[in-house]
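Heads up, the thing below is written out as C-alpha cells.
Every number in this text was worked out from the coordinates using simple rules, so none of it is lab data. Keep in mind it's a predicted model, so treat the numbers as computed, not measured. Counting neighbours? That spans all protein chains shown, and the Cβs are built from the backbone with ideal geometry, glycine included.
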Amino acid sequence: MLVIVLKKFRSAFTNLRFSKIYFREILVISFLFVILISFLFNITLQNLLLLFLLVLIFDLIILITIGFKRKNEIDEIKSVIKSIRKNQITNVNDIKLSDSLSDIEGNFKAMLKRTQDDIANMEKLAQARSDFLGYVSHELRTPIFTIQGYLETLLNGAINDHKVNKAFLEKAFKHSENLNSLLNDLIDISMIESGQMSMSFRYFNLSEFLDNIIIEHKQYAEGKNNELFISEFNNNLEVYGDKEKLKQVFNNLLSNAIKYTNSGNIKIIVEEKQKTVQFKIKDTGIGIKYDEIDKIFHRFFRTTDVRDKSIPGTGLGLAIVKHIIEAHNSKIDVKSKLGIGTEFSFELKK
Ligand SMILES: Nc1ncnc2c1ncn2[C@@H]1O[C@H](COP(=O)(O)OP(=O)(O)OP(=O)(O)O)[C@@H](O)[C@H]1O
Ligand SMILES: [Mg+2]
C-alpha cells in the first residue's frame, strides 16, 4: 500500500516538474483571484486563508494535469527524435505524433525529407567524383604509357637507329602535346564546375577573329582532304563576348568538324539577326546517331561510332563549349544525320 502511494506521489512530482514553466503565472492568477474575492465579499481572514489554501490545492491539481500532458508530448517527441537518430525511420510517413503535435509532426517530416535528399545528393556527388577520377586516370594513362613506350624503346638502343629515332621522338612529343591539351581541358572543366570560370566580356571584330581561327585549322582540314569555307558577312560586324573563351568554342567545334569528316566540307555560316549574330558550324562528316545526340554535351561522352573507330579524343570539348556558350546567356543546338553530317549553331549578342 505504502509502495503504491509512494509511486503515485513520485509520478505526481515528476508531472509537476514538467509544468514548472507555468508555476509563476498560475500562482499570480490565483493570488489575484483571492484578493479580488476578498474585495468583493466581506470574508474573514480565516476564511480567506482557507480559500487561498483551496485555490493552491486546485492549482496543484491543474499543474499536475498539465505536467502529465506535457510529459507525454515530450516523451513522444523524444522517441521520434531517437528513432530518426538511430535510422529506424526511413519513410517520412512513419512519423506519427498525436493531434496536438501535428505542427511538429509536419516539421519533423520536412526535416527528415531534407536530410534524406541531402544524403542522396552527397552520395550522387561522391559517385560522380569517383567516376570523374576513374575517367581522368584512364585518360591520362594512355598518353603517359605511350610516351614511356617510345622513350624506353629509344633508351634500349633505338636512339642510334637513324631510321626510327626522329619519328619516335616526334611521336612522344605529339603525345606530350595531347597530354597537355587534355590537362588544360580538365582544368577548364573543373574551373567551370566549381563556378570559378571568370569571364571578360567586350565587343570585338568578328572578321579578324574568324580569319585567325581559319588560318589555325586550314592545315589540319587540308590534311584530311576537307574544304573549309566561311560565309560572306559584314567586315565591320562586332559581337559581344569573351574573345578567348569564344576562340576555344570555335576551336573545339571546328576541330570536331574536321576530325569527324573525311574528304568533305566544313562551313562556318555567319548570319546577322536583329540583335544577335547566328553562327553555324556545318560539316558533311560521319554524323551522330539519333539516340546519342542528347548525350554529346556530357563530359567524357563519345559516340559508339567514334569509339569503335578509335578516333582519338576525350569527350570534354563539347562539355566545355556548352558551358562557355551558356555563360554568354545563349544556348547551343545540334542537328545531325548519321552518314550525312552535323550542324552546331548558337547566337551571340551584337
Ligand atoms: N562534328 C561532329 N560530327 C560527328 N560527331 C561529333 C561531332 N562533334 C562531336 N561529335 C561526337 O560527340 C562526341 C563528343 O565530342 P567532344 O568534342 O566533347 O569530344 P571528343 O572530340 O571526342 O574529344 P575532345 O575532348 O578531344 O574534344 C565526340 O566523341 C563525337 O562522338
Ligand atoms: Mg572534340
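Numbers below:
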{"read-out": "Between 0 and 90°, nearest 10: helix 317-327 axis offset from the chain longest Cα axis", "value": "60"}
{"read-out": "Cα centroid separation - segment 3-60 against segment 315-340, whole Å", "value": "79"}
{"read-out": "Estimated vicinal HN-Hα couplings, Hz - segment 101-118 in sequence order (Karplus 6.51, -1.76, 1.60; Gly, Pro = x)", "value": "10, 4, 4, 5, 4, x, 5, 4, 4, 4, 5, 5, 4, 4, 4, 5, 4, 4"}
{"read-out": "Nearest-ten-degree value, helix 2-18 long axis tilted from longest Cα axis of the chain", "value": "50"}
{"read-out": "Sequence of L253, L169 once ranked by neighbouring C-beta atoms within 10 Å, starting from the fewest", "value": "L169, L253"}
{"read-out": "Formal net charge of residues neighbouring K289 (Cβ-Cβ distance under 15 Å; K, R +1; D, E -1)", "value": "+1"}
{"read-out": "Other-chain or far-sequence residues with amide H under 5 Å of T276's (modelled H)", "value": "K350"}
{"read-out": "Using a Förster distance of 56 Å, the FRET efficiency for N180-K275 (Cβ separation, nearest 0.05)", "value": "0.90"}
{"read-out": "Cut-off 19 Å (backbone N to label point 7 Å along Cα→Cβ of F300), residues of segment 118-150", "value": "121-145"}
{"read-out": "The chain - Rg over Rh from alpha carbon coordinates, Kirkwood radius", "value": "1.38"}
{"read-out": "C-alpha long axis of helix 243-259 to longest principal axis of the chain, angle in °", "value": "60"}
{"read-out": "Of V334, L206, N225, farthest towards positive along the dipole that unit charges on Lys, Arg, Asp, Glu beta carbons give the chain", "value": "V334"}
{"read-out": "Extension gain (nm, one decimal) between E238 and R307, 0.36 nm per residue minus Cα-Cα", "value": "21.0 nm"}
{"read-out": "Full-stretch length increase - E227, D118 - with 0.36 nm per residue and alpha-carbon distance subtracted", "value": "34.0 nm"}
{"read-out": "FRET efficiency for K20 and K96, using Cβ-Cβ distance with R0 set to 41 Å, rounded to 0.05", "value": "0.90"}
{"read-out": "Residues H138, H162, H217, sorted so that the one with the fewest Cβ neighbours within 10 Å comes first", "value": "H162, H138, H217"}
{"read-out": "Part-to-part distance (alpha-carbon centres) for segment 187-230 and segment 256-272, which is given in Å", "value": "13"}
